[in-house]
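Since the structure comes first, as structure tokens, the remarks are kept for the end.
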Amino acid sequence: VFTKQTFFMDIQTNKIASITMIDHVAGTQRTLCPNCVSYQKPMNFKQGFNDLTIRAVKGGEVKEKRISFFIDNLKPRITKTMPLQNKFANGEFIVTYDEANVKNIVFNYGTSGNVLSLESTTCPSGKAQSCMFDANLSDFDGMRIDYWFTITDVANNAVSSKKVKVLV
């Protein structure tokens, strides 16, 4: 898993050959150089799963190297949390977000010196997704608490929502 989309390609052969790159996800093939012993250039790759074969062909001799990797350079984006600031909380908390590759979401709540956390690794990935957490707030009955969410993706990009103060 990588957080960048550009990589320097340094491909060397021991004979003059035709070097091609096959993208198994897109189903395309691209000649990098038709008659060379090396290819050295930066290349951009797409977000998500990449599955490539680098092939060198000289006459009937074929050498291949297959590589797979995942790119996620976009941080998660939290668009909404519920309940709203200074409203009442009954234990049901919701976060709405955009993230294509959720690893986990941590829900933090409590008072200064007494912060509890719940974690979910089953929240859905995608745009405009929501995840609900049920928290036992009986220890905070009649109090004001803060809550916030932290979303982490598969590339360990993480973002936290603002702290929201609610009444229990």
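The values are calculated or read from the model by the stated rules, or taken from the named source; none is laboratory data. Not measured: the values here are computed from a predicted model. With ideal geometry, Cβ positions are generated from the backbone for all residues, glycine too; neighbour counts draw on all protein chains shown. These area figures cover heavy atoms from the full protein model, side chains too; ligands, DNA and RNA do not enter into them. Shrake-Rupley method; radii C 1.70, N 1.55, O 1.52, S 1.80 Å.
Filter segment 52-80 for residues that are open to solvent by 20 Å² or more (accessible area, probe 1.4 Å) and under 30 Å from Ala128 (Cα atoms) and give the result.
Those that are open to solvent by 20 Å² or more (accessible area, probe 1.4 Å) and under 30 Å from Ala128 (Cα atoms): Ser68, Phe69, Phe70, Asn73, Leu74, Lys75, Arg77, Ile78, Thr79, Lys80.
Among the residues that make up segment 147-157, is at least one of them over 14 Å from the mean Cα position of the chain (by Cα) and without any contact (Cβ under 8 Å) to a residue 60 or more places away in the chain?
Within segment 147-157 (the criterion being over 14 Å from the mean Cα position of the chain (by Cα) and without any contact (Cβ under 8 Å) to a residue 60 or more places away in the chain), the answer is no, since none of the residues qualifies.
Do the conditions hold for Ile78, that is, is it in contact with a strand residue (DSSP E or B) (Cβ under 6 Å, 6 or more places away or on another chain), under 29 Å from Gln5 (Cα atoms) and not in a loop (DSSP other than H, G, I, E, B)? I'd like the intermediate steps shown before the answer.
Values: in contact with a strand residue (DSSP E or B) (Cβ under 6 Å, 6 or more places away or on another chain): yes; under 29 Å from Gln5 (Cα atoms): yes; not in a loop (DSSP other than H, G, I, E, B): yes.
The answer is yes for Ile78.
So, of the residues in segment 133-168 that are within 18 Å of Val95 (Cβ to Cβ) and of a type in the set (Lys, Arg), which turns out to be most open to solvent (accessible area, probe 1.4 Å)?
That would be Lys162.
Scan segment 49-62 residue by residue and report those that are modelled with pLDDT under 95 and under 26 Å from Thr6 (Cβ atoms).
Phe49
How do the pairs read when you match residues in segment 1-15 that are closer than 16 Å to Val37 by Cα and exposed (fewer than 14 other Cβ atoms within 10 Å of the Cβ) with residues anywhere that are among the charged types (D, E, K, R) and at pLDDT below 95, using Cβ under 6 Å and keeping only pairs 6 or more apart or on different chains?
As it stands, the answer is Lys15/Lys58, since those pairs meet every condition given.
Going through segment 110-127 one residue at a time, which ones are open to solvent by 60 Å² or more (accessible area, probe 1.4 Å) and within 22 Å of Asn73 (Cβ to Cβ)?
The answer is Thr121, Lys127.
Identify the single condition in (1) at pLDDT below 95; (2) touching a helix residue (DSSP H, G or I) at 6+ places or on another chain (Cβ under 9 Å) that Gly110 does not satisfy, given that it satisfies every other one.
(1)
Output the residues belonging to segment 81-109 that are of a type outside the set (S, T, N, Q), surrounded by 19 or more Cβ atoms within 10 Å (Cβ to Cβ), in contact (Cβ under 8 Å) with a residue 40 or more places away in the chain and part of a strand (DSSP E or B). Let's see the steps before the verdict.
Here is the first cut: in segment 81-109, the residues of a type outside the set (S, T, N, Q) are 82-84, 87-89, 91-95, 97-100, 102-103, 105-107, 109.
The next check asks that each one be surrounded by 19 or more Cβ atoms within 10 Å (Cβ to Cβ); those that pass are 89, 93, 95, 97, 99, 102-103, 105, 107, 109.
Then drop every residue that is not in contact (Cβ under 8 Å) with a residue 40 or more places away in the chain, which leaves 89, 93, 95, 97, 99, 102-103, 105, 107.
Passing the criteria: Phe93, Val95, Tyr97, Glu99, Val102, Lys103, Ile105, Phe107.
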